[in-house]
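The values are calculated or read from the model by the stated rules, or taken from the named source; none is laboratory data. All of these numbers come straight from a predicted model, not from anything done at the bench. Glycine also receives a Cβ, built like all others from the backbone with ideal geometry; neighbour counts cover every protein chain displayed. Only protein heavy atoms, including side chains, enter the accessible area calculation; ligands, DNA and RNA are left aside. Shrake-Rupley method; radii C 1.70, N 1.55, O 1.52, S 1.80 Å.
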Amino acid sequence: MVLARGVGTTVKRYFGYNGHTDMARNIQKPRGTQDILPIEQRYWFWIEDNWRKMMLSAGFGRITTPTFEDTNLFTRGVGETTDIVSKEMYSFKDRSDNPLTLRPEGTAGVVRAYIENGMHKDPQPVKLYYFGPMFRYDRPQSGRYREFYQAGVELLGELDPIVDAQIIAIVMKYYTKLGLKDIVVRINSVGDAKSRPKIQRALIDFLSAHRRNLCKDCKRRMTKNPLRVLDCKEKSCQAVAEEAGGVVLDNLNNDSRNYFTKVLEYLDDMRVEYELDPRLVRGLDYYTHTVFEVTTKTGGLSLGAGGRYDGLVELLGGPDTPAVGFAVGVERTIDTLKQQQANVPEPMKPNVFVVQLGDDAKKKAIQVIDRLDNAGYQVAHALGRGSIKSQLRVADRLGTSLAVIIGSQEVHDKSVIIRDLNDRTQESVLDRDMIKAVQRKLKEKK
Ligand code: AMP
């Protein structure tokens, strides 16, 4: 005991820490971030793959913009009094003193790219989609991270209520295709730019009467940007916002009201189930007209959100261009898929497992794997393992139900054994017939 303690002390004094394990324990992922392990990836693949398919078939092209942008893009685009800009941005100066920010959302970057690449000169509308990480210094809790992913869609250059309805219909179809049940889109209108002064005045009147119940931030921003109070996360402000519901809708001008009515009519025609939510305003300043959010019918965190933003392109230096978009919150959508026990397939489940016994068989296995791979099969193996039993255990863990087995006899005979791992039947086939036999066997198993 004494000796052991003495050794430990020396190591500590010499290296300055208690050996490698303690050092490793000290470094952890930053708060609010996640490691997405292989076992989780099928959800991510499912989300991304369906998004890509849905977007491409609806005529949207993929865009990838930088993960960090000039800080001014967000202060100007998202709005200085929003929670995102005032409290949640990861902003820094690089070594040349450029003010940069890890993007907190995707729309501002897409709009910047639209202007910078002259896409406003292309035939309109321009239809884009993206997938990537966003960063917000949010209070981490279940479903709320500091790094999270969004699958987004933006349609620029068209102002028509049918476009708003179409975007909503597409994203609802997407959620349904993923396997989600009991979801609903909650919808509201925050009016066009001309409606805004009247709405703001009415809201300020209302909020002034409830000022003492508002949080410190809202007391400050209430006169500058009263809409922001309605989506404040503080409980006391939420209670006030509950009562304020209706003030926005009641003060829309005629154009905005007509526009909104048409969006709802189109949604009825498209048989999209929605719920009117007069309180919904969304936490970004750029929204005009329609705003919407998808949740399960029992409520809870929003699985995705979007709306129309007719002033943003111009605000960021482009021509006057209407636009509408939506972003799927990937982590929350995955959480809900799990809660609802949706059937999410394993994307890369291998269909053939190659087993080998002995050195010559191992060499032959390399060629067999290559032939199966070239024929389009997903081939798994455990070439580093010796015994059949341990190799088959790997096959079992991967869920593979067909094995191609090679021993020294098979090397000599120029053959392989094809074994059904479920019913344990097997047959020997010549090398040249292997692909055909695997194909037949897999077909039978279907
Ligand atoms: P927003 O960009 O704020 O309109 O958010 C769009 C969607 O992104 C939300 O509906 C959420 O699903 C998701 N989201 C927003 N913030 C977070 C966060 N901190 N952590 C995880 N998901 C988020």
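If you build a Gaussian network model of the chain, linking Cα atoms that sit under 10 Å apart, which residue out of GLY132, GLY77, GLY118 swings the most? The residue with the greatest mean-square fluctuation here is GLY118.
Only helical DSSP H runs with n ≥ 4 go in: add -39500 (n - 2.57) per run for the chain, normalise by residue count and round the 222 nm mean residue ellipticity to 500 deg cm²/dmol.
Details: 19 runs with 191 residues, N = 446.
Calculated mean residue ellipticity at 222 nm is -12500 deg cm²/dmol.
Using Cα springs under 10 Å in a Gaussian network model of the chain, which residue among GLY304, GLY399, GLY106 shows the largest mean-square fluctuation? Highest fluctuation among the options: GLY399. Which net charge results when you count Lys and Arg as +1 and Asp and Glu as -1 among the other residues whose beta-carbon is under 13 Å from that of ILE366? Counting the neighbours of ILE366, the net charge comes to 0. Remark: the ASN254-ASP94 segment gains 52.8 nm on full extension, using 0.36 nm per residue and subtracting the alpha carbon distance. Histogrammed with a bin width of 10 Å, the alpha carbon distances of region 352-445 distribute as 17, 57, 25, 0 percent, first bin at zero.
What number does region 157-274 give for Rg over Rh if you use C-alpha atoms and the Kirkwood radius? Write down the numbers at each step before the final one.
Working: Rg = 16.7 Å, Rh = 16.0 Å.
In region 157-274, Rg relative to Rh is 1.05.
Probing with 1.4 Å while keeping every protein chain in the model, the per residue accessible area of region 126-207 equals 38 Å².
Every Cα-Cα pair in the chain was counted, and those over 35 Å apart are 47% of them. When only alpha carbons of region 88-157 are considered, Rg and Dmax amount to 14.8, 43 Å.
Sorting 56-63, 43-50 by their mean Cβ neighbour count within 10 Å, with the most densely packed peptide first, gives 43-50, 56-63.
Between 0 and 90 degrees, the angle of helix 388-398 with respect to the longest Cα principal axis of the chain falls at about 20 degrees.
When nucleic acids and ligands are ignored and a 1.4 Å probe is applied, TYR137 ends up with an accessible area of around 120 Å².
Here the Gaussian network model covers the chain, with springs between Cα atoms less than 10 Å apart; of THR296, THR400, THR65, THR400 fluctuates the most.
Among residues other than ILE115 with Cβ under 14 Å from its Cβ, the summed charge is -4 (Lys and Arg +1, Asp and Glu -1). Averaging the sequence gap over all C-alpha pairs within less than 8 Å and six or more residues apart, then dividing by the number of residues, gives the chain a relative contact order of 14 percent. Counting only protein heavy atoms and using a 1.4 Å probe, the accessible area of ASP94 comes to about 50 Å².
Based on the Cβ-Cβ distance from GLN409 to THR64, what FRET efficiency comes out when R0 is 41 Å, to the nearest 0.05?
Numbers: r = 53 Å, r/R0 = 1.29.
E between GLN409 and THR64, to the nearest 0.05, is 0.20.
Only lysine pairs 8 or more places apart, or on different chains, with alpha-carbon atoms under 21 angstrom apart are counted in region 352-445, and they number 10.
Near LEU392, within a Cβ-to-Cβ distance under 14 Å, what is the net charge of the other residues, with Lys and Arg +1 and Asp and Glu -1? Taking every other residue near LEU392 into account, the sum is +4.
Taking all protein chains in place and a 1.4 Å probe, what share, in percent, of the accessible surface of the chain do carbon and sulfur account for?
Working: 11750 of 23620 Å².
Here carbon and sulfur together make up 50 percent of the probe-accessible area.
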